[in-house]
Amino acid sequence: MRDRGLIYVADDELEIRELLKRFLEEAGHKVSVFENGELLLEAFERQPADLVILDVMMPGKNGYEICHILRQNSLVPIVFLTAKDNDADFIMGYTSGCDDYFTKPFSPIKLMMRVGAILKRQKLESEQYSRESILKFEDLEMDVLGKKCTILGSNVKLTKTEWDLLLYLLERKEQAVSREELLNSIWGYSVEVETRVTDDTVKRLRKKISQSKSIKIDTVWGFGFRLSKI
């Protein structure tokens, strides 16, 4: 099967590494696995991956630290896969710059769907915006090819998922978008219990665009969200 993307996985459990490698390769991806984050960083410096999956508790630098280092120079999608499942861990994960957070034990099928959705959206973006394309709405500007978001001329640092969600809303500005549509289009699955992930991402986005004087993300109660003028 044709390679769909290059994926790096760092986890200190051999069984998890082998499981992920098998599932991801069966889905058509090229996969490299590492027993710690430092080895992954070394490989990433030589050849950046299209997506990274990180355990949190590993020998040497933990997953949060590896994520933070990657985020210094890359918007590569980062997914945490960890046994740490309390609210403080979720907050730490997203603060360090991850795009999604799966807890062990996990559903390999749901993880594969998430990976597939991320990479599919990356491919669609590159095909849709084959030349320089800048989208604007009031004081928000998104340079799609340059992966740069600004408000009032100031850079807004976004994770890959935050970028995808904001771009999706911007492409449909002033239109209400359902949580189910966002889950299908951005996350690649639609399960009622997972609507929390959209709400959490929107909450973070609102903070990051709060300096805007002219736009906001409205909650359409019982339905979803809308990017609109203040």
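Each reported figure results from applying straightforward, stated rules to the coordinates on display, with no laboratory input. Note that this is a predicted model, so its numbers are computed, not measured. Note that we place each Cβ from the backbone using ideal geometry, even for glycine, and neighbour counts take in every protein chain shown.
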For the table Lys136/Lys160; Lys136/Lys229; Lys104/Lys147; Lys61/Lys148, the rows whose alpha-carbon distance is greater than 24 Å are Lys104/Lys147; Lys61/Lys148
Helix 14-26 against the longest principal axis of the chain: what's the angle in degrees, Cα atoms only, rounded to the nearest 10?
60
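Could you sort the peptides 196-203, 152-159, 215-222 by per-residue average Cβ neighbour count (10 Å cutoff), highest mean leading? Please list the in-between numbers first.
On the way: 196-203: 16.5, 152-159: 14.5, 215-222: 13.0.
For the peptides 196-203, 152-159, 215-222, the packing ranking is 196-203, 152-159, 215-222.
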Starting from the 7 Å offset along Cα-to-Cβ, what nm value, one decimal, do you get for the label separation of Ala176 and Arg206?
1.7
So what are the three principal axis dimensions of region 86-180 from its Cα atoms, in whole Å, longest to shortest?
43, 29, 26
Can you tell me, using C-alpha contacts under 8 Å and at least 6 residues apart, the relative contact order of region 6-124 as a whole percent?
23
Measure nothing but the geometry: give the 0 to 90° angle between the long axis through the Cα atoms of 195-208 and the longest principal axis through the Cα atoms of the chain, rounded to 10°.
60
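Excluding Tyr8 itself, what net charge comes from residues whose Cβ is under 13 Å from its Cβ, given Lys and Arg +1 and Asp and Glu -1?
Working: positive: Arg17, Lys21, Lys30, Arg46; negative: Asp11, Glu35, Glu38, Glu42, Glu45, Asp50, Asp55.
Counting the neighbours of Tyr8, the net charge comes to -3.
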Let's test this: bin the Cα-Cα distances of region 6-124 at 5 Å from zero up to the farthest pair and state each bin's percent.
2, 12, 25, 27, 22, 10, 2, 0
Could you check what % of the DSSP bridge pairs in region 45-176 are antiparallel, to the nearest 5?
60
With both partners inside the chain, how many of the DSSP beta bridges are antiparallel, as a percent to the nearest 5?
55
Using a Debye calculation, one point per C-alpha and no hydration shell, please list log10 I(q)/I(0) for the chain at q = 0.12, 0.18 Å⁻¹ in order.
-0.66, -1.44
Relative contact order as a percentage, region 131-229, C-alpha pairs under 8 Å and 6+ apart, gives 29
Given R₀ = 41 Å, what would the calculated FRET efficiency be for Ser32 paired with Thr95, taking r from the Cβ atoms and rounding to 0.05?
0.95
Amide H neighbours of Lys148 under 5 Å, at least 5 residues apart or on other chains, H built in the peptide plane: list them.
Asp143
